[in-house]
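*Asks:* Sharing a structure with you now.
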Amino acid sequence: MLTTLREAWRRLRGWRRIRFTTAGALFSAGSLAIGFAAVNTGNNLLYLLLGAMLGFIALSGWLSERILRRLEIHRRTPRGVTVQKPIRITYYVTNRKRLFPTLAIYLFEEGLSEPAFVSRVGAGESVTVGSENQFVQRGVYPLETLTLSTSFPFGLFTKERDVPLPGELVIWPRSDRPVRLPAPPGGRGRPEFSDSSGGAPGARGEYRGLREYRVGDDPRDIHWRTTAKIRRPVIREYELDAAEIVRICLDTRGEPGDAAETAIEVAAALAAQAYRVGRQFGITTCTSDLAPGGGSGQFERVLDLLARVDFDPSAPRLAPPVDPMGCVLVSLSA
């Protein structure tokens, strides 16, 4: 019974919340004072003034309600962003009302310090607004509810409405720590390339076959004849040269803290270095494993995995998928 009441109260509170502004509190207190004086003196002018003030309050509530109704909102977030870098969140706001515009509303989300502001959306129109925020810790931040807030038209009250809008922000760890990759046997390194080239050159081995294109694949591997035939991007796939693969093994058995975050950033930097020099790379932790690959897509998959990594002293023992001598071990004791 208590749980049902709490849920009902949560839904009611999410439907509408109203609180006084400073001006609204003073205006309401003044209305009460005028009403008390009118009742005690019977002065018609005071009754007229009281009616005007109460009408002012009622009009404020009616207009603010019209502002918050029948809005359709979609959120767009980047796939991921590096910790301590600005992240822009975009909102697409559509006013589904037939006649009444929406004016002066703020869009708040729990966990975000900066709101977005919508100055005006005409009836049947759409606008795009955004907010910039910054995170100082990597991780995955859930987004559940968007709060619409307005004090339109007179600033007497702030009225709020909650809109369910599930999503998440993925904050990647830093990947710019200075690290050095182990050289492949025989010194068969690959030349570095500029990040502006659009992707890492894929390692070439024995031809395996064709498969559909995935984000981050090297565009030079596209098989144009088959792509034109089936009208979907198809690339050539090659057997990976084991000597060229960088296998990063992150031991997550340990206490969370600064040392754990440093280990995660070192693993991210190793992946970034492998991506820059065009080598295939994968990562294994105590609880997850990402098969080797190359290109920007693989690098983003590594960063996504590292954003979600948790250090735990009771985590399973690290089990590298290959001979441990062929791995780059990153641990708290390393």
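*Asks:* Listed residues Glu7, Glu65; which is out of contact with any Pro (no Cβ under 7 Å at 6 or more places or on another chain), at pLDDT below 95, closer than 30 Å to Ala123 by Cα and acidic (Asp, Glu)?
*Replies:* Going through Glu7, Glu65 in turn, the sole match is Glu65.
*Asks:* Here's something else I'd like to know. Just to be sure before I move on: is Phe117 at pLDDT 95 or above and either open to solvent by 20 Å² or more (accessible area, probe 1.4 Å) or of a type outside the set (Val, Ile, Thr) (or both) in the structure I sent?
*Replies:* yes
*Asks:* Report, by residue number, each residue of segment 75-93 that is open to solvent by 20 Å² or more (accessible area, probe 1.4 Å), part of a strand (DSSP E or B) and either among the basic types (Lys, Arg) or under 30 Å from Arg16 (Cα atoms) (or both).
*Replies:* Answer for segment 75-93, where residues must be open to solvent by 20 Å² or more (accessible area, probe 1.4 Å), part of a strand (DSSP E or B) and either among the basic types (Lys, Arg) or under 30 Å from Arg16 (Cα atoms) (or both): Arg75, Arg76, Arg88, Thr90, Tyr92.
*Asks:* On the given criteria, is Val118 closer than 30 Å to Gly257 by Cα and among the β-branched types (Val, Ile, Thr)?
*Replies:* No, not satisfied.
*Asks:* Still on this model: From the list Ile248, Ile171, exactly one residue is outside any loop (DSSP other than H, G, I, E, B), modelled with pLDDT of 90 or more, out of contact with any Leu (no Cβ under 9 Å at 6 or more places or on another chain) and of a type outside the set (Lys, Arg). Which is it?
*Replies:* Ile171
*Asks:* Right, something else. Could you tell me how many of the residues in segment 37-65 are open to solvent by less than 50 Å² (accessible area, probe 1.4 Å) and not polar (S, T, N, Q)?
*Replies:* 12
One line per residue, one yes/no per condition, for (1) hydrophobic (A, V, I, L, M, F, W, C); (2) under 30 Å from Glu265 (Cβ atoms):
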| residue | (1), (2) |
| --- | --- |
| Leu68 | yes, no |
| His74 | no, no |
| Gly80 | no, yes |
| Ile105 | yes, no |
| Glu125 | no, no |
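*Asks:* May I ask you to list the residues in segment 120-155 that are among the acidic types (Asp, Glu) and either over 15 Å from Thr90 (Cα atoms) or open to solvent by less than 20 Å² (accessible area, probe 1.4 Å) (or both)?
*Replies:* Glu125, Glu144
*Asks:* Looking only at segment 63-87, how many residues end up being more than 9 Å from the chain's Cα centre (by Cα) and closer than 30 Å to Ser296 by Cβ?
*Replies:* Residues in segment 63-87 being more than 9 Å from the chain's Cα centre (by Cα) and closer than 30 Å to Ser296 by Cβ: 7 in total.
*Asks:* Which of the residues belonging to segment 95-114 are of a type outside the set (A, V, I, L, M, F, W, C), crowded, with 16+ Cβ neighbours inside 10 Å and over 13 Å from the mean Cα position of the chain (by Cα)?
*Replies:* Asn95, Lys97, Thr102, Tyr106 - these are the residues of segment 95-114 that are of a type outside the set (A, V, I, L, M, F, W, C), crowded, with 16+ Cβ neighbours inside 10 Å and over 13 Å from the mean Cα position of the chain (by Cα).
*Asks:* Would you be able to tell me the number of residues in segment 284-334 that are modelled with pLDDT of 90 or more and open to solvent by 70 Å² or more (accessible area, probe 1.4 Å)?
*Replies:* Number satisfying all stated conditions: 10.
*Asks:* Find the residue count for segment 18-74, including only residues that are assigned to a helix (DSSP H, G or I) and among the basic types (Lys, Arg).
*Replies:* 1
The values are calculated or read from the model by the stated rules, or taken from the named source; none is laboratory data. From a predicted model like this one, the values you see are computed outputs, not experimental measurements. Note: ideal-geometry Cβ built from the backbone for every residue, glycine included; neighbour counts use all protein chains shown. Accessible surface is based on the protein model in full, side chains and every heavy atom, while ligands, DNA and RNA are left aside. Shrake-Rupley method; radii C 1.70, N 1.55, O 1.52, S 1.80 Å.
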